[in-house]
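Student: Below is the structure I would like to discuss, written out as structure tokens.
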Amino acid sequence: MSLSVKKITKILLPLILGGFLVWYSLSKISIETLVQYFKNAKYSWIALGLFFGILSHLSRAYRWKFLLEPMGYKPNFGNSTMAVLVAYLVNYAVPRAGEVSRAAVMTNYEKIPFEKGFGTIVAERMADLLMMLSIVAITLFVQFDFIYQLLTENFNPIKSGILLAGLVLFFVVFTRFVKKAQSGIGLKIKNFVVGLVEGLMSIFKMKHKWAFIFHTVFIWVMYVLMFWATIPAIEGLQVPLGGVLIGFIAGGFAIAATNGGIGLYPVAVAGALALFGIAEEPATAFGWIMWTAQTAMIIVFGGLAFLFLPIYNRNKKI
């Protein structure tokens, strides 16, 4: 398969999957009913959720300087913010291309070498991955009884034990394989894990590590608050803390799996909320409202950032 065909496939497959998931989601709720939910939504709560989302983007742009300053670069906060917004917008079109565009923007307007800018973005993603795993761990702790009951009610203990033993065995064999790997996919995985650990450790060695950690935690708290604040937009929708956390995690994985979570986000969120006895119709409607609000914010602010960047830097002398 040629390189161009691979690129086209990477772009088209998520879009095709997203289109199928849109159809699947809308098969669970009629368009007329969904439109009615949008008409009756309390947009003050949606606005509050978007406010938290904006704060997270500003914090992400500000956090970036803590990784760039040790290399001698002090980027303009306006350019950093617009680079972040453009990156989110590009990710909706081409998955993972946002990180490349973000580094390219800073190369163009701040003269930061692409490889250095991109390296700091990778380090950021490692910190974000750790935060996502932390939220999963917190959710497991907070909802341990619920998750345990769910597992015991739906899985045979003997089969679960065999599955667990199989997973442990696979992990041990796979770990040894990766450690001994000298080439191929095993070496790639080993290098990725080593880079992940080194990237995380470098955070604790930076000059302003506590400021970086604060902004990292703040960004993810804002993400969760954005999800939580949008729930009251639907009249009568009540979601417990566990539902908020599990719904947020499901939505987060949906966004990572497809272009901005298109189609999959409402399905994933509705499925998570269904675990807590929430009716499919309002849960699906909430998923669509939540996804639409996030997408609209990215399209509007990302589009404005893309257009305003050359104007903002027109008279800038570097």
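Student: So if we plug the beta-carbon distance of Met206 and Phe38 into 1/(1 + (r/R0)^6) with R0 = 30 Å, what FRET efficiency do we get, rounded to 0.05?
Tutor: Details: r = 44 Å, r/R0 = 1.48.
E(calc), rounded to 0.05, equals 0.10.
Student: Apply the Karplus curve 6.51 cos²θ - 1.76 cosθ + 1.60, θ = phi - 60°, to the phi angles in region 221-238 and return the couplings in whole Hz, x for Gly and Pro.
Tutor: So the Karplus estimates, Gly and Pro as x, are 5, 5, 4, 5, 5, 4, 5, 5, 5, 7, 4, x, 4, 9, 4, x, 7, 10 Hz.
Student: Return the FRET efficiency for the residue pair Asn108, Ala165: r is the Cβ-Cβ distance, R0 is 41 Å, and the value is rounded to the nearest 0.05.
Tutor: Step by step, r from the Cβ atoms, then E = 0.15.
Student: 7 Å from Cα along Cα→Cβ at both Leu241 and Thr292: what's the point-to-point distance in nm?
Tutor: 3.2 nm
Student: Return the sequence-ordered ³J(HN,Hα) values of region 282-294 in whole Hz as given by the Karplus equation 6.51 cos²θ - 1.76 cosθ + 1.60 applied to θ = phi - 60°, using x for Gly and Pro.
Tutor: 3J(HN,Hα) across region 282-294, in whole Hz: x, 5, 5, 4, 4, x, 5, 5, 5, 5, 5, 5, 4.
Student: Report the calculated FRET efficiency for Phe218 and Ile31 (r = Cβ-Cβ distance, R0 = 41 Å), to the nearest 0.05.
Tutor: Calculated transfer efficiency: 0.60.
Student: A follow-up question, please. Measuring from label point to label point, each 7 Å out along Cα→Cβ, what is the Ile299 to Glu281 span in nm?
Tutor: Each label point is offset 7 Å from its Cα along the Cβ direction, giving 2.7 nm.
Student: Here's a follow-up. What length, rounded to one decimal in nm, is gained on full extension from Leu130 through to Ile54, with 0.36 nm per residue of separation minus their alpha-carbon distance?
Tutor: Values: separation 76, 0.36 × 76 = 27.36 nm, distance 2.16 nm.
Full extension of this stretch gives 25.2 nm more.
Read-outs throughout are calculated quantities, based only on the coordinates presented, and are distinct from any laboratory measurement. Because the structure is predicted, anything quoted here is derived from the model rather than measured. Heads up, the Cβs are rebuilt from the backbone with ideal geometry, glycines too, and the neighbour counts pull from every protein chain shown.
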